[in-house]
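Participant: Please see the structure below; I have some questions.
The values are calculated or read from the model by the stated rules, or taken from the named source; none is laboratory data. Small disclaimer: the values here were computed from a predicted structure and weren't measured. When we count neighbours, we look across all protein chains shown, and the Cβ atoms used for this are built from the backbone with ideal geometry, even at glycine. Keep in mind that these areas ignore ligands, DNA and RNA; they rest on the heavy atoms of the full protein, side chains included. Shrake-Rupley method; radii C 1.70, N 1.55, O 1.52, S 1.80 Å.
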Amino acid sequence: MRVIKKKVACHPDYDFDVNCSSIVRHEYKFPTEIYTNGNFYKIIRLTNQDILVSASIKSQGGHKHLEISVDSDTICEKEELILVNKIAVRLGASQDPTNFYNMAHNDPFLYTLVEKYRGLHIPQSISVYESLIHSIIGQQISVHVANMLRELVIEAYGTKHEYNGITLYTFPSAEKFSNVTVSELQQNKFSRRKAEYITDISKLQANGEISLEELRYESSERASEILIALRGIGPWTINWLLMGSLGYDDAFPAGDLALQKAMTKVPNGPTIISSAESLDFSERWRPFRSWATAYIFEAIRD
């Protein structure tokens, strides 16, 4: 197996361990990515093959960079660069939080979080489709139940790979899910409505009737218009996608109960807060509400 190694520059504020730990915080039984012994591993599907890509942090001349390794004998240099870029995006290495930090320094609520988790960026999903299905699974249920359902579908429909003692799974593709029936998902503990949302969107993606990856090139307003037209997609799901897949700095998933609860617990936050009140409170963080949300959820995960 040929291993290609590439360097990707990191922003000076970037903390590799904080970001990798945040991504894999939950101990999934069937993980799609692993962080162990200073290395981040993920299987990426490209040109009909699954390829192992890994990343670690290095320092040279006082400057940090990611060292990204691609294991394959069959891909070309252009495809290698695509994979390197996908992992760099996933890890949020090149994002610049400077303006957010400057704003947070003068905000009593955010200052506490930034002091504790400085170096955290906003990891981006490398697949808009996968991120959307994850969000649909998580709608209106606890994190624990959502993780259980994700494990079920990964075990049932994902692909298992083993490399040098590491076991990784790929998330089921749209083509795979498009051939799964609603009743089959119901047997795997999904509600009928949520099963319908997943199969409907998967069929649209698999058949080329929608192209979720193209949302990366749309404005947040246009991306929201396209998403809201899909059955089962509302403002909460859209804001998570804007934040964690499409790279918009000012998304805010108002209505998230865990977010509302966390906002009442951080020093200098509101004492009692509804969905509307959380949205009003977040106005002071524009245009960096995605960053604020990422730091609040890091406190939740911690």
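Participant: From the phi of every residue in the range 294-301, what ³J(HN,Hα) in whole Hz does the Karplus formula 6.51 cos²θ - 1.76 cosθ + 1.60 yield, where θ is phi - 60° and glycine or proline is x?
Facilitator: 4, 6, 5, 6, 5, 5, 5, 5
Participant: What area, in nm² and to one decimal, does the C-alpha convex hull of the range 239-302 cast on average over all directions? Could you put the intermediate results ahead of the total?
Facilitator: Numbers: hull surface 15.7 nm².
Over all viewing directions, the range 239-302 projects a mean Cα-hull area of 3.9 nm².
Participant: Roughly how many Å is it from the Cα centre of the range 129-180 to that of the range 1-76, as a whole number?
Facilitator: About 20 Å separates the Cα centre of the range 129-180 from the one of the range 1-76.
Participant: Listed highest first by mean packing, meaning other Cβ atoms within 10 Å per residue, what order do 137-149, 290-302 come in?
Facilitator: Listed from highest to lowest mean packing, they are 290-302, 137-149.
Participant: How much length, in nm to one decimal, is gained on full extension between Asn48 and Glu214, taken as 0.36 nm per residue of separation minus their Cα-Cα distance?
Facilitator: 57.8 nm
Participant: Of Lys160/Lys203; Lys7/Lys86; Lys42/Lys194; Lys6/Lys78, which ones are farther than 18 Å apart at the Cα?
Facilitator: Lys160/Lys203; Lys42/Lys194
Participant: Starting at the first residue of the range 194-205, write each ³J(HN,Hα) from the Karplus equation 6.51 cos²θ - 1.76 cosθ + 1.60 with θ = phi - 60°, in whole Hz, x for Gly and Pro.
Facilitator: My calculation for the range 194-205 gives 5, 4, 5, 4, 5, 5, 4, 5, 4, 5, 4, 5 Hz in order.
Participant: When ligands, DNA and RNA are left out and all protein chains stay put, how many square angstrom of accessible area per residue does the chain have with a 1.4 Å probe?
Facilitator: In whole numbers, the chain has 48 Å² accessible per residue.
Participant: Between His105 and Asp280, take the C-beta separation as r, use R0 = 22 Å, and let me know the FRET efficiency to the nearest 0.05.
Facilitator: On the way: r = 22 Å, r/R0 = 1.01.
Here the calculated transfer efficiency is 0.50.
Participant: Restricting things to alpha carbons, tell me how big the range 55-143 is in terms of Rg and Dmax, in Å.
Facilitator: Computed over the Cα atoms of the range 55-143, radius of gyration and Dmax are 17.3, 53 Å.
Participant: While we're looking at this one, here's another question. Hey, any idea what Rg/Rh is for the chain, computing Rh the Kirkwood way over Cα pairs?
Facilitator: Working: Rg = 19.3 Å, Rh = 20.2 Å.
That ratio is 0.95, to two decimals.
Participant: Using the Karplus equation 6.51 cos²θ - 1.76 cosθ + 1.60 (θ = phi - 60°), what ³J(HN,Hα) coupling, rounded to whole Hz, does each residue of the range 167-178 give in order, writing x for Gly and Pro?
Facilitator: Taking θ as phi minus 60°, the curve returns 10, 10, 10, 8, 6, x, 6, 4, 4, 5, 5, 5 Hz for the range 167-178.
Participant: Please report, in whole Å³, the volume per residue of the convex hull around the C-alpha atoms of the range 1-104.
Facilitator: 125 Å³
Participant: Under 1.5 on a/c is rounded, so check that first for the range 89-228, then, if it is not, pick prolate when a/b is larger than b/c and oblate when it is not; a ≥ b ≥ c are the square roots of the alpha carbon gyration tensor eigenvalues.
Facilitator: prolate
Participant: Using the Cα atoms as the points, what is the convex hull volume per residue of the range 188-295 in Å³?
Facilitator: On the way: hull volume 13.4 nm³, N = 108.
So the per-residue Cα hull volume is 124 Å³.
Participant: State the percentage of accessible surface on the chain attributable to carbon and sulfur atoms; use a 1.4 Å probe and exclude ligands, DNA and RNA.
Facilitator: Carbon plus sulfur share of accessible area: 48 percent.
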